[in-house]
1. Tell me which residues, restricted to segment 71-89, are acidic (Asp, Glu) and either touching a helix residue (DSSP H, G or I) at 6+ places or on another chain (Cβ under 8 Å) or within 17 Å of Leu100 (Cβ to Cβ) (or both).
2. If you take the residues of segment 25-70 that are out of contact with any helix residue (DSSP H, G or I) (no Cβ under 8 Å at 6 or more places or on another chain) and aliphatic (A, V, I, L, M), which of them is farthest from Leu94 (Cα to Cα)?
3. Do you know which residues across segment 1-44 are within 30 Å of Arg98 (Cα to Cα) and either of a type in the set (A, V, I, L, M, F, W, C) or in contact (Cβ under 8 Å) with a residue 60 or more places away in the chain (or both)?
4. Of the residues that make up segment 45-61, is at least one outside any helix (DSSP H, G or I), among the basic types (Lys, Arg) and free of Cβ contacts under 8 Å to residues at least 40 places away in the same chain?
5. Has segment 19-32 got at least one residue that is part of a helix (DSSP H, G or I), under 27 Å from the mean Cα position of the chain (by Cα) and not basic (Lys, Arg)?
6. Tally up the residues in segment 58-77 that are more than 28 Å from the chain's Cα centre (by Cα) and buried (at least 18 other Cβ atoms within 10 Å of the Cβ), please.
7. Of all the residues that make up segment 85-98, how many are farther than 14 Å from Thr65 by Cα and surrounded by fewer than 16 Cβ atoms within 10 Å (Cβ to Cβ)?
Amino acid sequence: MHRKAVDRVRSVEASTTRDETWQRESRPIDHDQTSDAAHSSLEAARVRGAVATLTDVQRQAVELTYFGGYTHTEVATLLDVPLGTAKTRIRDGLISLRDLMGVGA
C-alpha cells in the first residue's frame, strides 16, 4: 500500500511539473516594439536618402504622388506639365529609387 501511495504522489508531481513546463513554454512571446521602431526608423532614413538623390523634377513628382496622395493627372496639373511628362517623371523616379534601394535584387 505504501508503494502505491508513493507512486501516486510521484505521478501527481510529475503531472504538475509537465503542466507548468508546458504553460511556461507555450506562452506567447512578447513582441519587441523597440526593434520594430528602430528598423522602421533606419528604413525611413534609407528612403529619405534615396529620394534626396533624385532630380528635382522627379522628386517633386514622386513626393506629390506617393507622399501627397495625388493622382498622375493631379500631379500634371499641379506641376503644369503634360500628363505624359508627369507619368515619365514619376516612372523614372521610381526606377531610380528601386535601383538605389536594391529592391528586386
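1. Going residue by residue through segment 71-89, those that are acidic (Asp, Glu) are 74, 80.
The one that is acidic (Asp, Glu) and either touching a helix residue (DSSP H, G or I) at 6+ places or on another chain (Cβ under 8 Å) or within 17 Å of Leu100 (Cβ to Cβ) (or both): Glu74.
2. For segment 25-70, the residue satisfying everything is Ile29.
3. Ala37, Ala38, Leu42, Ala44
4. Taking segment 45-61 first, the residues outside any helix (DSSP H, G or I) are 53-55.
Then drop every residue that is not among the basic types (Lys, Arg), which leaves none.
For segment 45-61, residues outside any helix (DSSP H, G or I), among the basic types (Lys, Arg) and free of Cβ contacts under 8 Å to residues at least 40 places away in the same chain: absent.
5. Among the residues of segment 19-32, at least one is part of a helix (DSSP H, G or I), under 27 Å from the mean Cα position of the chain (by Cα) and not basic (Lys, Arg), which makes the answer yes.
6. 1
7. Counting residues in segment 85-98 that are farther than 14 Å from Thr65 by Cα and surrounded by fewer than 16 Cβ atoms within 10 Å (Cβ to Cβ) gives 2.
Results for (1) modelled with pLDDT under 90; (2) surrounded by 10 or more Cβ atoms within 10 Å (Cβ to Cβ); (3) touching a Lys or Arg at 6+ places or on another chain (Cβ under 7 Å), shown as yes or no for each residue.
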residue	(1), (2), (3)
Gln33	yes, no, no
Ala44	yes, yes, no
Ala52	no, no, no
Asp56	no, no, no
Leu79	no, yes, no
Leu83	no, yes, no
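The values are calculated or read from the model by the stated rules, or taken from the named source; none is laboratory data. Bear in mind that the values here come from a model prediction, so they are computed numbers and not experimental data. Quick reminder, even Gly has a Cβ in these numbers, built from the backbone with ideal geometry, and neighbours come from all protein chains shown.
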